[in-house]
Amino acid sequence: MAFLEVEDLKVHFPVKGGIFGRTVDHIRAVDGVSFSLEKGKTYGLVGESGSGKTTTGRAIIGLNRATAGKITYNGHDITNLKKADLDVRKEIQMIFQDPYSSLNPKKRVLDIIAEPLRNYEKLSKQEEKKRVLELLELVGLSSESITKYPHQFSGGQRQRIGVARAIALKPKLIIADEPVSALDVSVQAQVLNFMEDIQEALGLTYIFIGHDLGVIRHMCDDIGIMYKGRYVEEGTVDDIFDNPQHIYTKRLVAAIPDINPENRREQIYYRQEVQKEYEQSYDDYFGDDGLAYGLKPISETHLVALPEKG
Amino acid sequence: MNHMWKFSVRRMLIIIPQLLLLSLLVFLMAQAMPGDALTGQINPDLDPQEMQEQREELGLNDPWHIKYADWITSAVRGDLGQSFQFKMPASELIWNRMVNSFWLGVATLIITYLLAIPLGITSGRFNDSLLDSSITGYTYIGFATPIFIFALVMLWIFGYQLGWFPTSGSVAPGSDPGTFEYIVSKINHLLLPAISLGLITTVNTVQYLRSEIIDTKQKDFIITARAKGASESRVYNRHIFRNSLLPIAAFFGFEITGLIGGTVFVERIFGYPGMGDLFIQSVLLRDYTVVTSVVLLFGLASILGALISDIILSLVDPRIRIK
Amino acid sequence: MNEKLLEIKNLKTSFRIEDQYYAAVDDVSLTVNENEVLAIVGESGCGKSALAFSLMRLHNRAKIEGDILFKGDDVTNYSAGQVNKLRGNEMSMIFQDPLTALNPLMKIGDQIGEVLLLHKGKFSNLNRKQKAISLLDKVGIARPEHVYEQFPHELSGGMRQRVVIAIAIANDPEVLIADEPTTALDATIQSQILDLLNELKENMNAGIILITHDLGVVAEMADRVAVMYAGQIVEVADVHALFGMPQHPYTRSLLSSVPNAESVDSKLHVIQGIVPSLKNLTREGCRFRSRIPWIDESVHEKSPELHEISPNHFVRCTCYKNFYFPDEKKEDKRHGIS
């Protein structure tokens with residue numbers, strides 16, 4: 001039994017239109033996504049804007065309502081969870097993209113980090129403060145931070161505060177939605193290293209949502225590539241980076257700028273080849289509606305939305 | 001363009017429920033008032049038995065929804081009932097007043113914009129300068145001054161002390177409609193109330209325009225315009241003013257709504273025979289037929305004002321048309 | 001030999017914070033040659049965008065000292081009229097966020113037309129329209145006649161960035177400043193825009209200044225690279241030398257903090273501390289020294305200068321000679337230049 005299992009998840013948003021503002025259509029933000037994930041691993045959800053990767057993450061944690069499908073966490077069905085199942089709910093937490101807007105500027109760090117504790121656990125003032133101090137130490141912030149406000153911290157430090165809040169309830173699964181996208185490279189490195197450290201220390205499982213393939217490759221064990229609400233390819237890091245099969249995955253991989261200027265020519269050549277292939281085979285890989293086909297296994301770990309026709 | 005049509009049609013359809021709600025509220029308000037249409041015309045000698053019969057005959061004992069239906073059908077036909085104070089149909093009474101109020105409104109709007117556009121532009125362009133501080137100072141005074149006090153002061157200074165303007169009425173008595181003197185006299189009577197009201201109502205628009213300009217000034221596309229080599233005057237005229245004036249155009253409809261409140265006081269103080277003046281008179285004399293009719297028309301004007309705003313906005317802003 | 005297009009000498013751009021001026025760009029000297037891409041790399045707050053804006057004289061309330069010589073002519077002495085003739089014409093700029101860089105209420109065609117009108121007044125309206133359409137075509141926009149009539153909100157982010165580029169190259173500029181041109185874009189769009197810029201570069205003969213924080217973009221585009229830290233250039237070199245033999249501790253830290261194929265099983269290098277804010281910056285001595293506290297104070301210069309350590313490779317401060325990462329042994333540091 002997998003730790004987290006997502007089966008045929010669909011999240012559709014209604015589109016209002018016409019003269020009376022009726023629901024005329026749906027945006028299929030997530031349109032039949034399935035994957036499963038093992039404890040202690042990091043699973044990468046990759047895609048460009050509008051691919052549905054964030055909506056998938058939000059649906060797992062219950063911030064977006066699933067239109068269809070089933071999400072099973074540790075044997076519990078957590079699809080569209082009701083308030084009654086709080087115990088399961090607190091084991092899954094989220095880290096947000098923007099450390100500048102995701103922390104309430106009017107609250108002290110103590111109150112920010114203690115908020116989930118106050119929601120779920122009844123602690124005395126002393127116990128609460130003790131827990132917050134432990135958490136601050138764990139994320140590498142000094143104990144004086146407790147009375148400060150978010151604006152007194154740098155971007156990387158704020159992201160640590162966000163992480164401290166997320167791990168306050170000793171969660172088992174953390175959904176990290178582009179946690180380093182708003183940060184500079186050197187700060188990004190701090191946060192990534194630190195996320196790896198606490199994963200090991202606390203035995204966490206991550207769903208890492210991102211668009212930067214370099215970061216994804218560094219962090220993840222398995223990866224799912226999304227395009228317009230569907231999976232186009234899923235596999236291990238090696239499957240995806242060394243043996244990409246779907247044309248969209250190839251384009252994504254080819255688009256990563258190579259950090260070595262000596263490879264410039266090959267890189268441009270590779271990209272042109274992929275672009276040519278993309279133009280020639282677009283119709284094979286995508287249906288008439290421009291969407292990908294269903295996934296088919298090509299090895300034990302590697303699934304690809306291969307062409308159905310022809 | 002197709003979208004534009006859809007938007008306008010949809011927007012116009014929205015006013016149907018708005019109108020229904022408005023009429024219903026006005027009707028219920030009228031019902032809540034003591035007495036009915038007969039009360040004002042009662043012959044004290046009338047036998048209570050006969051009165052009951054007349055009530056029955058006039059439909060005054062019908063359930064409320066039938067009375068509402070009757071009232072709304074006659075209102076649509078232009079029959080708003082009888083004013084007991086003037087002993088004439090309310091519609092006839094209101095019509096003359098409405099024309100006067102309309103011209104007062106037009107004059108006030110012209111003055112409002114004549115002041116607001118240069119002041120707002122200057123204030124926004126040179127924000128935090130001495131000039132800007134003086135203009136915003138004026139707007140704060142405008143916000144703080146109650147219109148009825150300001151109008152009284154204006155009337156006292158320019159009407160009674162300096163004698164530059166007539167102090168009441170909408171036209172000099174004895175002038176013949178249609179003559180040149182008549183028109184001049186009309187304008188002359190209109191000017192002081194319009195200026196008094198305009199000076200106060202304009203502060204909203206000045207402030208709105210000022211903040212629009214300051215906001216637009218900091219937009220990225222203004223940097224793009226400068227980077228193209230556009231001179232400062234071009235940057236202001238082609239990009240900043242244009243983009244800031246468009247929302248002001250849309251504000252126009254709401255301005256109409258705002259005017260209604262102002263005219264009630266101003267017309268009363270200047271003895272200008274418009275709808276506002278009529279409204280206060282009728283309230284004081286409990287001429288309920290007229291009161292409800294005026295409230296209905298004020299409400300109608302507000303709904304139309306909002307409609308005009310939205311349609312103007314959709315015309316000038318390409319982003320709205322798409323919805 | 002390529003001609004020097006732009007020569008920046010001791011440029012200092014200062015902003016006023018509470019009655020005092022603080023230099024965001026501090027004593028920067030650089031040259032940009034014809035047919036060359038000079039990348040300026042650094043993290044947020046290092047002064048790279050302030051530098052770009054100074055070159056175009058786009059700052060509203062900054063104090064600018066030093067010289068900016070455009071083909072020998074000092075731009076800092078230009079009148080407003082002269083600056084307007086230069087901007088969008090001989091010197092132009094591409095901006096970071098295509099979603100906000102275009103006027104939302106103006107048709108695409110008019111926005112391109114404006115830059116032509118300002119500098120090529122002699123064009124007739126028809127010629128101008130034709131030229132604008134051919135520019136849209138040149139930046140890879142399909143159906144340019146159709147897009148000419150559209151408004152910005154009707155285009156995707158990538159398309160809008162192409163329009164911004166079309167505006168920038170409309171009058172065949174000699175210096176093109178690209179300020180984070182791909183940062184706001186999706187990966188596949190980013191690579192398309194980079195390819196477009198590379199293609200334009202081939203046929204333009206212009207000097208391109210590429211401002212970015214993305215080292216991958218630098219590796220793909222640049223001929224020469226200047227690394228900025230805390231308002232100063234800390235290292236300038238040919239792109240191959242900079243990536244192959246980075247010297248300054250900051251450059252080396254930056255490069256090793258980028259996740260890549262080799263870093264998968266190891267930890268990324270981290271620079272301690274944070275980038276100092278404009279107000280809290282210590283301006284004496286080596287500005288990077290507080291970030292590498294394990295290096296002895298004595299290895300830093302008192303007033304560090306740029307030293308030419310090999311032809312056209314400049315490094316600020318001599319501390320690079322003694323720099324090693326804390327997890328490396330001092331003896332086996334990567335580069336033994338001494």
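Please treat every number below as a calculation from the coordinates, not as lab data. From a predicted model like this one, the values you see are computed outputs, not experimental measurements. As a convention, Cβ positions derive from the backbone with ideal geometry for all residues, glycine included, and neighbour counts pool all protein chains shown.
The table for this structure:
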{"item": "Shape call, chain B: gyration tensor on alpha carbons, a/c limit 1.5", "result": "oblate"}
{"item": "Lys/Arg +1, Asp/Glu -1 at C-beta; the protein assembly as shown dipole; positive extreme among C:125, B:90, B:13", "result": "B:90"}
{"item": "Cβ-based charge dipole, the range C:4-222, positive-most Cα from C:62, C:105, C:187", "result": "C:105"}
{"item": "Within-10-Å neighbourhood charge of residue B:229 [Cβ basis; K, R +1; D, E -1]", "result": "+3"}
{"item": "Most mobile listed residue (C:148, C:78, C:22) in chain C, GNM with C-alpha springs under 10 Å", "result": "C:78"}
{"item": "Antiparallel DSSP beta bridges within the protein assembly as shown, as percent of all bridges there, nearest 5", "result": "65 percent"}
{"item": "In Å, descending, principal axis extents of the Cα set of the range C:256-322", "result": "40, 35, 23"}
{"item": "Dimensionless Rg over Rh [the protein assembly as shown; C-alpha; Kirkwood]", "result": "1.05"}
{"item": "DSSP-defined beta bridges in chain C - what % are antiparallel, rounded to 5", "result": "60 percent"}
{"item": "Charge dipole (the range C:256-322, unit charges on Cβ, about Cα centre) - positive-most of C:290, C:277, C:322", "result": "C:277"}
{"item": "Residue-averaged 222 nm ellipticity for the protein assembly as shown, from DSSP H runs of 4+ at -39500 (n - 2.57), nearest 500", "result": "-14500 deg cm²/dmol"}
{"item": "Once exposed loop trypsin sites (Lys or Arg not before Pro) are cut out (DSSP; at most 13 other Cβ, 10 Å), longest piece of chain A", "result": "A:123-308"}
{"item": "Acute angle (nearest 10 degrees) that the helix A:185-202 long axis makes with the longest principal axis of chain A, alpha-carbon atoms", "result": "70 degrees"}
{"item": "Cα centroid separation - the range B:195-265 against the range A:209-259, whole Å", "result": "49 Å"}
{"item": "Nearest-20 debye value, the protein assembly as shown charge dipole, Cβ charges on Lys, Arg, Asp, Glu", "result": "1640 debye"}
{"item": "For chain A, size of Cβ-based charge dipole, Lys and Arg +1, Asp and Glu -1, in debye", "result": "1700 debye"}
{"item": "Chain B, relative contact order in percent, only Cα pairs under 8 angstrom and at least six apart counted", "result": "27 percent"}
{"item": "Reachable lysines from residue C:71, criterion Cα separation under 17 angstrom, eight or more residues apart if same chain", "result": "C:4, C:9, C:85"}
{"item": "Principal semi-axes in Å for the range A:1-111 [√(5λ), Cα gyration tensor, largest first]", "result": "25, 22, 15"}
{"item": "Selected from A:277, A:115, A:300 as most flexible by GNM, with chain A as the system and alpha-carbon contacts under 10 Å", "result": "A:300"}
{"item": "Average Cα contact separation per residue, the range C:256-322, under 8 Å, 6 or more apart, as relative contact order %", "result": "21 percent"}
{"item": "About the Cα centre, charge dipole magnitude for chain C (Lys/Arg +1, Asp/Glu -1 at Cβ), debye", "result": "700 debye"}
{"item": "Gaussian network model of chain A, springs between alpha carbon atoms under 10 Å - residue of A:244, A:261, A:297 with greatest fluctuation", "result": "A:261"}
{"item": "Mean separation of Cα contacts under 8 Å, 6 or more apart, over the residue count of chain A: relative contact order %", "result": "19 percent"}
{"item": "Rounded if a/c under 1.5, otherwise prolate or oblate - the range C:139-216, Cα gyration tensor axes", "result": "oblate"}
{"item": "Neighbourhood net charge (12 Å Cβ-Cβ; Lys/Arg +1, Asp/Glu -1) for residue A:139", "result": "0"}
{"item": "For residue A:44, net neighbour charge (Lys/Arg +1, Asp/Glu -1) across residues whose Cβ lies under 11 Å away", "result": "-1"}
{"item": "Packing-based exposure ordering (other Cβ within 10 Å, fewest first) of A:195, C:204", "result": "C:204, A:195"}
